[in-house]
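J.: This structure is in structure tokens; I'll ask about it shortly.
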RNA sequence: GGUCUUAUCGUCUAGCGGCUAGGACGUUGCCCUCUCACGGCAAAAACACGGGUUCGAUUCCCGUUGAGACCA
């Protein structure tokens, strides 16, 4: 018995540059990436830009940039920022592969597995309506199926509009989906599908088959919305005598109403999440857990850990609602783990001593990087506040003023260099405890923050420094007169 | 409308014939505490329905219903 040859794992994502990188495409990319990494395989990026009307260069750039931002680097495909490719099956852009498609289409035409169809739009529409009216599934009649070479030539000569149809055989097509098991379709219901408008203008289902074969793709891991395309692609593969890859169809990412995620409810492109202050590692972690679950109850994973634990068989079958609240929580967890230096780097702020101190005191309170500004504004500009805010619930105005004056006195005797929480804990805290922590610390904290909610007073004082601290306390004292 | 897919707390999910149905987010309460966060503890919260198979079904099979996707 001959041992079955094991093909190397080669997976791909094939986005159309008709929009920014969608979160669903990003997750598909992630799963492909993880599967490749785990099996020592290759992850390929192919740009499916045959839809000239809707494809735009800026979208392609966004897709490339967003994938890189997420850390999903591809082994083969376009090189970012350049017009070149890496990988031995270049080019990886469909508009540059027209010669290849033409070759395969001609083969199908020669084999009489495909044919020119000259039916007009009106004709087809009428048939469709008639079928619908009779309660039948609309399906192409097959009218042009057996046109002679002569008839084709005549139609061409009078410039009759045409498409190329694939002769869909009347068989049952079934395949084993790695996630869902056996799926079968009755191909007699499909009808002859259009695979190209012309030998050099292929349509989606045809170009995919050719490219996946030419690029020796071993596993097609894609969204559930492609399940119905699979039998068509398999039939084309068979007609062309090509190998059939393994298939795995991922559940969809859903909006709260359980329909396919769209702009109606939430941001759908990766770049929007980047702008909103989400960390790429948080996005990856979160996306991995949408529709997949490891063994055990762990919730946070690096991309390396994911690659190690990933398992196609543990992918969910049903769609998953995108839960922004959980994403925020995951993001907050990652921000908390950041050192102040790393936080400044992510924020794009200089690593000055002041920034680092500010970063340290608000780090645990951030859900997204965007929260930083709102949470630290008060340090740079004292907000307006009412004198009454200074007085602790059990205290009086007079006593509050006394306490603030006491704090001011102690603080004015401390060297600038000793303006740190550790030192203040030693010298100021004993007084605060003696006077009553609420009575003493509350007004001090309000004086330096101008807010009813903020980090602790000593932390703020440390971030503020001596001069600003004394200034703010004086303002508070003046308010109490 | 046709085809295909799918069904455990509000949400993401664990479970793969016998469990007080577990975890996480969110929610609520308590603790910590000068406030707000963080953190800790606790609580409420789910097997869509109906038939089988079986000593026993959340789990296997068949329907129903719901949901979604695709085609047009």
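J.: Among A:210-222, A:74-86, how do they line up from the highest to the lowest mean number of other beta-carbon atoms within 10 Å?
T.: Numbers: A:210-222: 21.0, A:74-86: 15.4.
My ranking of the peptides, most packed first, is A:210-222, A:74-86.
J.: Over the Cα atoms of the stretch A:260-382, what Rg and Dmax result, in angstrom?
T.: Gyration radius and largest Cα-Cα distance of the stretch A:260-382: 16.6, 56 Å.
J.: Something else: Taking the Cα atoms only, what angle lies between the long axis of helix A:229-240 and the longest principal axis of chain A, rounded to 10 degrees?
T.: With both axes taken from Cα atoms, the answer is about 40 degrees.
J.: How far is helix A:121-133 tilted, in degrees, relative to the longest principal axis of the Cα atoms in chain A, given as a value from 0 to 90 rounded to the nearest 10?
T.: So the inclination is approximately 80 degrees.
J.: Just check the stretch A:341-431 against the gyration tensor rule for me: Cα atoms, a ≥ b ≥ c as the square roots of the eigenvalues, rounded for a/c under 1.5, and otherwise prolate or oblate depending on whether a/b exceeds b/c.
T.: Oblate.
J.: What translational diffusion coefficient, to the nearest whole µm²/s, does the stretch A:24-68 have by Stokes-Einstein, given a Kirkwood radius computed over alpha-carbon pairs, a temperature of 20 °C and 1.002 mPa s viscosity? Could you put the intermediate results ahead of the total?
T.: Values: Rh = 11.8 Å.
The Stokes-Einstein estimate is 181 µm²/s.
J.: Be a star and scan the stretch A:194-222 for residues whose amide nitrogen sits under 19 Å from the point 7 Å along the Cα-to-Cβ vector of residue A:51.
T.: Output list for this probe position: A:194-198, A:201-212, A:222.
J.: A further question on this structure: For A:156, A:429, A:287, what's the fewest-to-most ordering of other Cβ within 10 Å of each Cβ? Each step should come with its number before you reach the end.
T.: Numbers: A:156 12, A:429 15, A:287 26.
Lowest to highest Cβ neighbour count: A:156, A:429, A:287.
J.: Let me ask something else about it. At 7 Å along the Cα-to-beta-carbon direction for both residue A:38 and residue A:172, put a label point, then send me their distance in nm to one decimal.
T.: The two pseudo-label positions are separated by 3.2 nm.
J.: For chain A, report the convex hull volume of the alpha-carbon atoms normalised per residue, in Å³, without decimals.
T.: On the way: hull volume 106.5 nm³, N = 481.
Convex hull volume per residue, Cα atoms: 221 Å³.
J.: Compute the Cα gyration tensor for the stretch A:135-221, then decide on rounded, prolate or oblate, letting a ≥ b ≥ c be the square roots of its eigenvalues: rounded whenever a/c is under 1.5, prolate when a/b is larger than b/c in the other cases, and oblate in all that remain. Walk me through the numbers before you get to the answer.
T.: Values: a/c = 3.08, a/b = 1.54, b/c = 1.99.
Since a/c reaches 1.5 but b/c is at least a/b, the shape of the stretch A:135-221 is classed as oblate.
J.: For the stretch A:169-265, what is the convex hull volume of the alpha-carbon atoms per residue, in Å³? Before the final figure, lay out each step's value.
T.: Values: hull volume 13.3 nm³, N = 97.
With only Cα atoms used, the stretch A:169-265 gives 137 Å³ per residue.
J.: Taking only the C-alpha atoms, wrap a convex hull around the stretch A:97-250 and report its volume per residue in Å³ as a whole number. Show your work: numbers first, answer last.
T.: Details: hull volume 18.3 nm³, N = 154.
Enclosed volume per residue, from the Cα hull, is 119 Å³.
J.: To the nearest whole percent, what portion of all C-alpha pairs in the stretch A:382-479 is separated by more than 18 angstrom? Before the final figure, lay out each step's value.
T.: Working: 1738 of 4753 pairs.
The calculated P(r) of the stretch A:382-479 puts 37 percent of pairs beyond 18 Å.
J.: Once you have the alpha carbon radius of gyration of the stretch A:64-138, what is it after dividing by 2.2 N^0.38 Å, with N set to its residue count? It would help to have the intermediate numbers written out before the result.
T.: On the way: Rg = 21.1 Å, N = 75, 2.2 N^0.38 = 11.3 Å.
Scaled against compact globular proteins, the figure is 1.86.
Bear in mind these aren't lab numbers, they're just calculated from the coordinates by the rules spelled out. Everything numeric in this text was worked out from a predicted model, so none of it was measured. As a convention, Cβ positions derive from the backbone with ideal geometry for all residues, glycine included, and neighbour counts pool all protein chains shown.
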